[in-house]
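Structure record follows, encoded as structure tokens.
The values are calculated or read from the model by the stated rules, or taken from the named source; none is laboratory data. Computed from a prediction, not measured in an experiment: that's the story for all the values here. We place every Cβ from the backbone using ideal geometry, glycine too, and count neighbours over all the protein chains shown. When the accessible area is computed, the model is the full protein with side chains, heavy atoms only, and any ligands, DNA or RNA have been set aside. Shrake-Rupley method; radii C 1.70, N 1.55, O 1.52, S 1.80 Å.
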There are 2 protein chains.
Amino acid sequence: MSNNEIEMSRSNFNVDHIAHAVPNIEDAISQYKRVFGAKASNIKIIEKQDIKIAIVSFANLKIELMEPLSEKSPIASYLQKNPKGGLHHYCLSVDDVNQSYEDQKEKKINIISEPTKGYHGRNLYFIHPSEVCGALIEVEEHEKE
Amino acid sequence: MSNNEIEMSRSNFNVDHIAHAVPNIEDAISQYKRVFGAKASNIKIIEKQDIKIAIVSFANLKIELMEPLSEKSPIASYLQKNPKGGLHHYCLSVDDVNQSYEDQKEKKINIISEPTKGYHGRNLYFIHPSEVCGALIEVEEHEKE
């Protein structure tokens with residue numbers, strides 16, 4: 001693949017959502033409703049990732065609320081450092097997540113895991129925070145309409 | 001103002017950008033380019049806020065990179081806790097930021113400052129992280145086309 005083709009394949013990144021780690025998801029839903037009048041989805045248990053999630057919808061973007069299900073959850077260690085919660089990562093979506101993964105591996109970018117299916121059935125992976133000034137960034141496949 | 005009117009005025013929040021605090025803005029721009037092929041604006045000095053900023057554009061959303069200009073900058077204290085950088089806040093935009101401020105004050109929501117003009121000339125204020133599970137959230141006026 002030429003450099004030009006790599007650049008073209010990159011231009012398609014969209015911000016899909018912001019992930020907000022919280023100690024109590026019911027409280028977080030109430031706070032988003034009180035402060036912004038924002039609506040939230042039902043709460044879902046994601047056993048594979050050891051978290052509960054709910055989606056808060058703003059006009060153009062989703063906020064993913066995440067509460068750990070146990071002390072072993074990766075979100076639990078984040079909350080030890082940030083007990084009140086905080087911004088855990090953001091997610092970029094792309095047309096072809098496997099191609100994006102291969103392109104980034106070729107550039108020796110530090111990727112935390114190979115693409116795996118998320119709770120929504122789409123493939124995703126995480127880029128190590130050392131690659132982008134301390135920010136954890138998820139890459140996942142665009143949601144099909 | 002009735003509750004219904006308040007709810008209507010709330011439904012218009014958009015996510016405008018994600019703010020990423022970084023120790024070195026030139027390095028951050030290079031990293032976003034290398035990892036995602038993302039383009040960045042020129043770097044601007046914002047003396048009022050004691051920061052340098054640059055905007056990275058993804059297809060649907062902006063990332064605001066912020067580097068402190070001095071140890072007195074609020075971003076400097078964030079970087080003391082997160083020396084490699086990290087996700088500092090996100091920003092919601094709304095049609096009428098003064099109305100949004102008044103509505104939220106009426107609900108006794110803890111707001112850090114009265115609306116003040118940002119570097120772009122639009123009014124903005126910040127909601128205290130205690131109101132939304134540890135996340136710092138900025139509210140600003142929609143960018144006019």
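General remarks:
- Leading residue by the ranking (farthest from the other protein chains (Cβ to nearest Cβ)) among those in the stretch A:84-102 that are assigned to a loop (DSSP other than H, G, I, E, B) and over 20 Å from B:ALA21 (Cα atoms): A:ASP96
- Among the residues making up the stretch A:88-114, those that are open to solvent by less than 30 Å² (accessible area, probe 1.4 Å) and in contact with a His (Cβ under 6 Å, 6 or more places away or on another chain) are A:CYS91, A:SER93.
- The residues of the stretch A:103-116 that are away from every other protein chain (no Cβ under 13 Å) and not in a loop (DSSP other than H, G, I, E, B) amount to a single one, A:THR116.
- The residues listed here are B:SER73, B:SER57; of these, the one that is closer than 29 Å to A:VAL97 by Cβ, out of contact with any His (no Cβ under 7 Å at 6 or more places or on another chain), modelled with pLDDT under 95 and hydroxyl-bearing (Ser, Thr, Tyr) is B:SER57.
- Qualifying residue in the stretch A:73-86 (condition: farther than 27 Å from B:GLU131 by Cα and open to solvent by less than 10 Å² (accessible area, probe 1.4 Å)): no
- Number of the condition not met by A:LEU61 [criteria: (1) open to solvent by less than 20 Å² (accessible area, probe 1.4 Å); (2) over 16 Å from A:ILE127 (Cα atoms); (3) away from every other protein chain (no Cβ under 11 Å)]: (3)
- Single residue of A:TYR125, A:TYR119, A:TYR78 found to be in contact (Cβ under 8 Å) with a residue 24 or more places away in the chain, in a helix (DSSP H, G or I) and more than 10 Å from every other protein chain (Cβ to nearest Cβ): A:TYR78
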